[in-house]
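Presented below is the structure to which this report refers.
The values are calculated or read from the model by the stated rules, or taken from the named source; none is laboratory data. Just so we're clear, the structure is a prediction, and the values are computed from it rather than from any experiment. Heads up, the Cβs are rebuilt from the backbone with ideal geometry, glycines too, and the neighbour counts pull from every protein chain shown. With ligands, DNA and RNA removed, areas are computed over all heavy atoms of the protein, side chains included. Shrake-Rupley method; radii C 1.70, N 1.55, O 1.52, S 1.80 Å.
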Amino acid sequence: MTGETVVVTRELNRAFGAVQAVQNLDLIVRKGEIYGLLGPNGCGKTTLMRLLVGIAKADAGEVRVLGREVPDTSLLAEIGYMTQAEALYADLTARENVRFFASLCGLHSEAAIDQAIALVELSDRADDVVSKLSGGLRRRVSLACALVHRPKLLILDEPTVGVDPQLRASFWGHFRSMADRGVTLLISSHVMDEAERCDHLGLMRSGRLLAEGSPAELRSLGGTEDLEQAFLNLAEDGHAA
Amino acid sequence: MQRRRLTAMAARVITQIRRDHRSMGLIFVVPMVVMWLLGYILRLDTGPQEFAVVVYDTGAVLPNGARVLAAEELIGALGDAEDIELREFSLALAEAELIEGALDAILVFPEDFTKDLLMGDEAHIEIVVEGSNPSQSEALPLVLGAALGEEVPELRPSGAPIDLQVDTRYLFAGEEYDFLDTFGPVYIAFFVYFFVFLLTGVSFLRERTQGTMERLFATPITRGEIALGYMFGFGLFALLQSAVILLFTIYVVQIQFVGNLALVFLLLGLLAIGAVNLGIFFSTYARTELQVIQFIPIVIYPQVLLSGLLVAVEDLPRLLRVAAQLMPLTYANRAMTDVMIRGYGLSEVALDLAILFAFAVGALILSATTLRRQFI
């Protein structure tokens with residue numbers, strides 16, 4: 001799909017002290033695709049995502065989301081952001097958490113809240129207080145909070161960390177069906193079998209986008225059939241360059 | 001028990017505390033500062049007692065034709081004392097100064113003072129005190145009575161016994177008011193301020209440590225809405241808390257209360273709003289809940305010492321008085337006392353209310369600004 005662009009960055013830069021977290025980064029994410037952001041810890045994935053949402057400020061460069069320049073608070077109702085931390089109110093129930101974030105985005109329909117909870121298969125625990133839920137269940141609540149207001153762009157920072165393989169598969173099923181409905185997803189990950197499920201992959205290292213392409217393209221670029229090995233090869237090339 | 005494990009454990013704890021500069025400050029510096037301030041305040045030389053004298057005494061003519069004005073003689077004798085300053089005033093003016101705190105008491109000599117004294121009748125002196133500070137109200141008549149008792153015998157030409165009666169009149173409160181009655185209002189304000197500050201500080205900190213703050217900023221909610229939302233949420237509980245404390249102290253502990261309840265709530269509400277926002281502001285400078293608690297000796301304790309609880313603000317040296325005037329509790333205490341003990345109405349505490357309102361708005365702006373700076 002080469003439809004309209006949902007995320008565009010140009011020459012994006014952000015430093016924390018001497019560390020250049022994002023460096024001259026140009027990124028394009030198109031409507032209805034799942035863009036996988038891969039790279040080692042500390043390579044700048046989270047900073048990039050925060051720049052896209054507009055909760056971090058770029059030192060230089062430009063970010064446009066859904067055709068509007070970031071930061072723009074009116075955009076935020078159309079973005080769903082799931083952070084690496086659970087980011088839940090532990091003394092509220094799962095449903096209360098979802099309802100809270102939904103109403104901040106202007107959505108007050110109880111049916112939509114039920115639907116989001118059902119989507120992450122949490123209906124039977126929806127009225128439990130979050131502090132009583134296990135880590136995996138809490139990730140589901142976080143995801144429900146991020147997608148309850150039906151955003152056009154979902155930015156998910158390692159959504160499947162601590163999630164068991166079965167639920168992970170079901171998460172990815174939902175991601176795919178959302179993408180099919182025209183939702184754009186930007187997902188960071190460490191896990192290679194997840195990378196295979198993306199339409200487009202970007203390999204990040206030291207704040208730069210080293211290589212981009214579909215999983216097949218990256219495999220051929222890295223000169224091996226094994227995606228993980230392809231990444232290691234590409235990373236080495238990038239490092240040498 | 002193994003020595004190496006033990007030293008490893010102790011060494012780790014020592015390293016952690018040493019790295020935490022605030023804990024180091026709390027352990028060593030804060031107690032010194034607090035003790036110094038406390039000692040300074042308690043040993044403060046509040047200067048001479050200032051009295052106004054109002055003389056209605058018309059005096060008397062002795063058989064040998066000399067004119068005697070006993071009040072004047074007494075005033076002269078008292079004025080020689082080191083720690084007493086006397087000024088002559090009209091009664092109305094003196095009472096106004098007394099309420100403002102510029103005077104400690106008023107001495108009133110009635111018309112027949114000299115006559116009664118010379119005739120051996122019961123002579124009256126009236127001492128007027130403000131009344132809302134019981135330790136002062138009780139001490140002053142004693143001090144004055146004693147001083148007068150020493151001087152009076154010299155006025156009597158014959159050795160006949162003298163009969164001097166000292167009457168105390170209270171502008172506010174009265175003999176039936178004890179320590180609790182007069183300090184109750186101030187404590188209520190303190191409770192509200194303290195708990196609201198602490199609770200907001202900690203829950204706002206949690207908002208950051210559990211990552212929900214970041215999530216909030218990724219939604220359309222504005223910083224102002226976050227701060228105001230906290231304000232309404234905690235403001236409600238601050239008012240409920242005030243209601244419970246107030247009703248409990250009035251009806252169960254039974255302290256004297258003459259003022260307007262609605263006005264007290266308004267006051268406490270404004271104070272609570274300020275405290276909520278101050279809590280938000282300070283929590284942005286804390287990384288752990290312990291660090292929020294560490295702000296107590298810095299934010300709360302000086303206000304306890306300086307806001308008029310221990311020493312009247314007027315009696316503080318200039319520098320500390322300026323500090324006290326920057327503290328919301330100073331105004332809350334004054335207004336609470338004005339309303340609950342003096343029975344003042346809205347127009348009389350309007351200035352304090354306005355200042356508390358300004359504090360609340362200032363703290364709101366401060367907290368919203370720190371929220372903005374924190375993320376972008």
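Computed over chain B with a Gaussian network model linking Cα atoms closer than 10 Å, the most mobile of B:35, B:336, B:327 is B:35. How far is helix A:165-180 tilted, in degrees, relative to the longest principal axis of the Cα atoms in chain A, given as a value from 0 to 90 rounded to the nearest 10? Value to nearest ten degrees: 80. Our coupling estimate for region B:224-235, obtained by passing each phi through the Karplus curve with A = 6.51, B = -1.76, C = 1.60 and θ = phi - 60°, is x, 5, 4, 4, 5, x, 4, 4, 5, x, 6, x Hz, Gly and Pro reported as x.
Have a look at the DSSP beta bridges in chain B and tell me what percent are antiparallel, nearest 5.
Taking every DSSP beta bridge within chain B, about 25 percent pair in antiparallel fashion.
For region B:235-316, the square roots a ≥ b ≥ c of the C-alpha gyration tensor eigenvalues yield an a/c of 1.5 or more together with a/b not exceeding b/c, which makes the shape oblate.
Its Cα gyration tensor gives region A:5-237 an equivalent ellipsoid; the semi-axes, largest first and in whole Å, are 29, 21, 16. If you run the Gaussian network model on chain A, springs between alpha carbon atoms under 10 Å, then out of A:70, A:161, A:53 the most flexible one is A:161. As a fraction of the 1.4 Å probe accessible area of chain B, surface on carbon and sulfur atoms comes out at 62 percent. Among B:58, B:15, B:200, which one shows the biggest mean-square fluctuation in a GNM of chain B, springs joining Cα atoms closer than 10 Å? Sorting by GNM fluctuation, first place goes to B:15.
Could you run the numbers on buried accessible area between A and B, total for both chains, 1.4 angstrom probe, in Å² to the nearest 100? When A and B are taken together, about 1600 Å² of accessible area is lost.
Taking label points 7 Å from Cα along the Cα-to-Cβ direction, residue B:262 and residue B:366 give a separation of 3.1 nm.
Label-to-label distance, residue B:13 versus residue B:33, with points set 7 angstrom from Cα along the beta-carbon direction: 2.6 nm. For residue A:132, a cut-off of 21 angstrom between C-alpha atoms picks up no lysines at all, skipping any fewer than 8 places away in its own chain. Contact order, relative form, for chain B: 17 percent (alpha carbon pairs under 8 Å, 6 or more residues apart, mean separation divided by residue count). Inter-part distance, region B:108-128 to region B:249-288, computed on C-alpha centroids, equals 48 Å. Listed by chain and number, the aspartates and glutamates placed with their C-alpha closer than 18 angstrom to that of residue A:152 are A:4, A:33, A:69, A:72, A:78, A:180, A:199; residues fewer than eight positions away on the same chain are left out. The H on the amide N of residue A:213, modeled in the peptide plane, is under 5 Å from the matching H of A:201, each at least 5 residues off or on a different chain.
Each residue of region B:299-310 was assigned a 3J(HN,Hα) from its phi angle through the Karplus expression (A = 6.51, B = -1.76, C = 1.60, θ = phi - 60°), giving 8, 8, 4, x, 5, 5, 6, 9, 7, x, 5, 9 Hz with x at Gly and Pro.
3J(HN,Hα) along region B:311-327, derived from phi through the Karplus expression 6.51 cos²θ - 1.76 cosθ + 1.60 where θ = phi - 60°, amounts to 10, 4, 4, 5, 8, 6, x, 3, 4, 6, 5, 4, 4, 4, 6, 8, 9 Hz, with x in place of Gly and Pro.
Evaluate the Kirkwood expression for the hydrodynamic radius of the protein assembly as shown, namely the inverse of the mean inverse distance over all pairs of different C-alpha atoms, and round to one decimal in Å.
Kirkwood radius, the protein assembly as shown: 30.2 Å.
Under 5 Å between amide hydrogens, built in the peptide plane, is the criterion, and for residue A:56 it picks out A:51 among residues at least 5 positions away or on other chains. Solvent-accessible area assigned to carbon and sulfur over region A:5-237 amounts to 49 percent, based on a 1.4 Å probe.
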